[in-house]
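First up is the structure itself, then whatever we jot down about it.
Values quoted throughout were computed directly from the atomic coordinates according to the rules given, and no laboratory measurement underlies them. None of the values given here were measured: they were computed from a predicted structure. When we count neighbours, we look across all protein chains shown, and the Cβ atoms used for this are built from the backbone with ideal geometry, even at glycine.
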Amino acid sequence: MSNILEKGDIIKKIRDGVDLDEIMSYARNSLYKDGPTDTIVLEILSYIKMFHPDYFKDYENDIVATMGLYFKNPVPESLEGLIFDLYNQHIQEKWGATYTPVQANILQQIQIKKCFSFSAPTSTGKSFVFRHIITSSTKDIAVVVPSRALINEYYDRVSELVNTKEVNVLSFVDQINTKHAKRNVFILTPERARELFKNKQWIDLEYILLDEAQLSDEDSTRGLYFDSIVRRALIAFPNAKFVFAHPFISNPGAQLKKNLIDFDENAGAMQYQQKNVGQIFYVHDGADYFHLGTNKEILGKTKLKANFDPIERILNDGGSVLIYVPKSHILNKSVYRKFAKYISMCPKIQDHDALKMIEDLRKYLGASKGNSNFYSSDMISKLEHGVVTHHGSMPLSARLILEHFTQKGFCRICLATSTLEQGINMPFDAVYIDRFEGSRSLSVKNLIGRAGRSTPQNKFDIGSVVIHDSAKTAFRKVIVKEEPISEVSHLDKKDENIDEKYEEFKKAIKEGTFNDEYNLTEADLEKLKTDQITTCIPELLDMMFDDQNKLIDGDEDIQEVREVFHNLYAIYLGRKLTSAEKAILSHAIKIMLWKVSGRTFRNICQYRYAYAASVNERRKNPDKENSICAKYIAGYDDIPNKKLPQYPLFSTKILAKDVDYDLIIYDTYDYLDKLIGFKLSDIFYAIFCEYYEKSKDERSLKLAKYIKYGTISEDEIWMLRYGFDFEDIEWIKPCVASIDKTEIVFNDKVDSLSEEQLMRIDRFR
């Protein structure tokens, strides 16, 4: 029996029905002895199910039971099945649910240890473990996730599980709804998690759950911020339990080492390798598809051509496909040409709910309808055919719509970057990896893990993975590669590739000299109180406010205003700005002032497009469209960075009519989210608050609130603190009788709200 693999060409034999009993016996025995840990065994089972479904059906129940997938409720049909059913009963008695053995073991470890770090494949069902913790806890919980997209995912799931009238489920940190809510579940990115420390006096954390914790290994400022959150939380919340969850990494204990946590009876780590889904692997040479097999020496010594196009088959069967591509290929639209064959197979959507989502997205983005010469969006037009675009520069509200669109089954093709690698519950029937040079192997494994839906049905679930021929060799290396993460925290590394300002941040975190109120170092705060700063501010306030102390309109582009903001930022940095940093900062300040003036995201995108695309000039001179070139605007990049090269978002050689509205959308969101929202607003808020404390100039406090909240209305600020955005406030405000920290009291006008609007406020009624 053990020699069955050594004979080779297993895929061909399965296809042709040769030695089928022997091959099945080998796979089942391997499952029984080792569990579902071997990719090759699961691949064999997947091929048998695909080519011989009737034959496979006789063994499916026992295979599901042997894999420990008890939530599918398989009926035992053999001695092995009965043995595993006894284990299932034990788990149900202990945990009150049909968890898999892996899930049960994770829960056991979390129960007995103060710090537990683990890794498991993508489809293991760790989210169910976290949900058990969230529902069984009686105190506050913080869930830290790497992306806003995952916040959306968790928010929806947790809200379904808990009584949201008694539990605040929040994507931010604030003390609200205290009259009704008995505890809080905070779902936060590392950037938002900073607010935990400002509010630690009233937060009673039982657990800090750090999902997709491999973020700590990213060679970026985000990896640094993640490490800083963990290091600070260990000190600020000594009674909390810490859980680190990762996919695939080989040394989950590294999280404990890098955070100086000793391995003892209170701290441990575990690597789980069990999988819930089988997968079939193909290679595509641009014309034909071939069965690949994860190990060419034992699954196929000769190249075996598939007699069908797996992507075409899935689309024809009503399935969905994730196509992983570099972000640059999405931005330059080359993906639409390369995968035109499959995109053409997606008919225009007719479903009413799907069309409403598309229309909501179009309105939010400010995109035009039809074939307008202005504000047209390829992303929207493709979405009308069920083709979704997903990447890190997609606005949060847009991402939320797109993810719901996909989860409702309207997505046929998803063109995505590695943003989908991080745990988002958007499984696909197939994953096509176009290329992954430059991608971390861990990212590739996570994307592969998106292939195949782990359904609750009593069946063995399978998915397909397609690798472009150019990536075939690299892929096989990825499959077998160990995935360790560093045992040294970013806080303890010297990194010459980041601005020295970040070294100041590291020092403050390690020395405990970081100011929680303003999210700045104490050294920065002292700098912001100097005469050099305070002498700039009266001049700025005079320019920002009129004689009635009303804020000027954001459309008034006052060069002197931007210069003062430049000076303030340069003083904060402690050095002069480079020309590239100045260009980025100028555009950021302009966008910030639009936001302060109450402009919506749609408005800001349209303003930027109208300038770059010379809309007014083109409308007046439509016959000259082929001679009017795009105007210069600086594309987003992260600052501070002295080494940053200066570049335009659009080449000035590009015709104005060819300015891409989608690029404007993505670039504007990057400015608002990554630079203004995360960095600049903290700095300028602190500057104007500190100046108010010194001068009592009400204009300074007003400006601080405008920068942080976008409004000075106390009621509107409370609504924002309750988690509503400005679009919501427009229809909520007339319905609010009173609002403060304790509760929202609504008036009779709520009766006129739509069903969708009522759902938005239901948890506070």
Worksheet item: Between region 452-515 and region 660-708, what is the C-alpha centre distance in whole Å?
Response: 31
Worksheet item: At what distance in nm do the modelled label points of Glu22 and Ser486 sit from each other, each positioned 7 Å from its Cα along Cα→Cβ?
Response: 5.1
Worksheet item: How large is the dipole of the chain about the Cα centre if only Lys and Arg carry +1 and Asp and Glu carry -1, each at its Cβ, rounded to the nearest 20 debye?
Response: 960
Fill in: Whole-percent pair-distance distribution, where bins are 5 Å wide, for the alpha carbons of region 315-404
2, 12, 23, 26, 23, 12, 2, 0
Response to the item:
Classified through the alpha carbon gyration tensor (a ≥ b ≥ c as square roots of its eigenvalues; rounded if a/c is under 1.5, else prolate when a/b is larger than b/c, else oblate), the chain comes out prolate
Item to complete: Please sort 671-683, 181-193, 469-481 by packing, taking for each peptide the average over its residues of neighbouring beta carbons within 10 angstrom, highest first.
Response: 181-193, 671-683, 469-481
Worksheet, complete the sentence: Looks like region 76-168, by Cα gyration tensor root eigenvalues a ≥ b ≥ c and the a/c under 1.5 rounded cutoff (else prolate when a/b is bigger than b/c, oblate otherwise), is prolate
Worksheet item: Quick one: Cα centre-to-centre distance for region 570-633 and region 360-405, in angstrom?
Response: 21
Fill in: Per-selection Kirkwood Rh - region 714-764 (Cα, Å, 1 d.p.)
11.0
Discussion item. Along the Cα→Cβ direction, 7 angstrom out, place labels at Glu500 and Asn316. What is the inter-label distance in nm?
Written reply: 6.5
Discussion item. Placing +1 on the Cβ of each Lys and Arg and -1 on the Cβ of each Asp and Glu in region 494-709, which of Cys536, Phe565, Cys689 has its Cα farthest towards the positive end of the resulting dipole?
Written reply: Phe565
Response to the item:
Length gained, Gln175-Lys12, 0.36 nm per residue minus C-alpha separation, equals 52.4 nm
Worksheet item: Residue-wise, which Karplus ³J(HN,Hα) couplings in Hz belong to region 161-175, taking 6.51 cos²θ - 1.76 cosθ + 1.60, θ = phi - 60°, and x for glycine or proline?
Response: 8, 10, 6, 6, 7, 9, 10, 6, 9, 10, 9, 7, 10, 6, 9
Practice prompt. Compare the peptides 515-524, 544-553 by average per-residue count of other Cβ atoms within 10 angstrom and give them in order, highest first.
Written response: 515-524, 544-553
Worksheet, complete the sentence: In nm, the gap between the two label points placed 7 Å beyond Cα toward Cβ at Asp715 and Leu758 is 2.3
Worksheet, complete the sentence: The relative contact order of the chain, taking Cα pairs under 8 Å that sit 6 or more residues apart, comes to a percentage of 13
Worksheet item: In sequence order, what are the phi-derived ³J(HN,Hα) couplings for region 673-690 according to the Karplus relation 6.51 cos²θ - 1.76 cosθ + 1.60 with θ = phi - 60°, rounded to whole Hz, with x for glycine and proline?
Response: 7, 8, 9, 5, x, 8, 10, 5, 4, 4, 5, 6, 4, 5, 4, 6, 5, 5
Item to complete: Would you mind telling me the antiparallel percentage of the DSSP bridges in the chain, rounded to 5?
Response: 20
Worksheet, complete the sentence: Residue separation between Lys182 and Leu82 times 0.36 nm, minus their alpha-carbon distance, gives in nm 31.6 nm
Response to the item:
Given 566-579, 344-357, the highest-first ranking by average Cβ count within 10 Å works out to 566-579, 344-357
Discussion item. With θ taken as phi - 60° and the coefficients 6.51, -1.76 and 1.60, list the Karplus ³J(HN,Hα) couplings across region 108-122 in order, rounded to whole Hz; mark glycine and proline as x.
Written reply: 4, 5, 5, 5, 9, 10, 7, 10, 9, 10, 9, 10, 7, x, 4
Discussion item. Report the gain in length on full extension from Glu522 to Lys327: 0.36 nm times residue separation, minus Cα-Cα distance, nm rounded to one decimal.
Written reply: 66.4 nm
